[in-house]
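**Q** Supplied in structure tokens, the structure appears directly below.
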Amino acid sequence: MLIYVKMLANYRAVLPPDAKHGMVELDVPEGTTVYDAVSRYPIPLNDESVVVLNGLTVDMNTPLQAGDTVTAFSAIAGG
């Protein structure tokens, strides 16, 4: 099934050079989770990152559906 992974800001650097607008299309097997999709890229998977599924915060173990978009970006602390 096809899903999309989008990296914002400084995370775009981890995507392949042919990524368009910070997004790549991946063909993944059924049962792939949010974690599976983003863990293939060298980004922090802790409080340093925000990872959302279709714009919503979800558990990293949430299974993906065809057409889903997983987006990751660096958490920024304000003051």
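Throughout, read-outs are computed from the coordinates displayed, never taken from laboratory work. All of these numbers come straight from a predicted model, not from anything done at the bench. Please note: Cβ atoms are built from the backbone with ideal geometry, for glycine as well, and neighbour counts cover all protein chains shown.
**Q** By the scheme Lys and Arg +1, Asp and Glu -1, what is the net charge of all other residues having a beta-carbon under 13 Å from that of S74? Spell out each step's value before the answer.
**A** Values: positive: R12; negative: D47, E48.
Computed value for this residue: -1.
**Q** Return the equivalent ellipsoid semi-axes of the chain as a descending list in whole Å, where each equals the square root of 5 times an eigenvalue of the C-alpha gyration tensor.
**A** Values: eigenvalues 76, 48, 21 Å².
Over the Cα atoms of the chain, the ellipsoid semi-axes are 19, 15, 10 Å.
**Q** Now a separate question. Take every Cα pair under 8 Å in the chain that's 6+ residues apart, average their separations, divide by the length, and report that relative contact order as a whole percent. Write down the numbers at each step before the final one.
**A** On the way: 134 pairs, mean separation 34.6, N = 79.
This gives 44 percent for the chain.
**Q** So what J values fall out for segment 38-48 if you push phi through Karplus, 6.51 cos²θ - 1.76 cosθ + 1.60 with θ = phi - 60°, rounded to Hz, Gly and Pro as x?
**A** Here the 3J(HN,Hα) series is 8, 6, 6, 10, x, 10, x, 10, 9, 5, 6 Hz.
**Q** For segment 18-49, which GluC sites (Glu not before Pro) are in a loop by DSSP, counting at most 14 other Cβ atoms within 10 Å?
**A** Working: sites: E25, E30, E48; in loops: E30, E48.
Answer by residue number: E30, E48.
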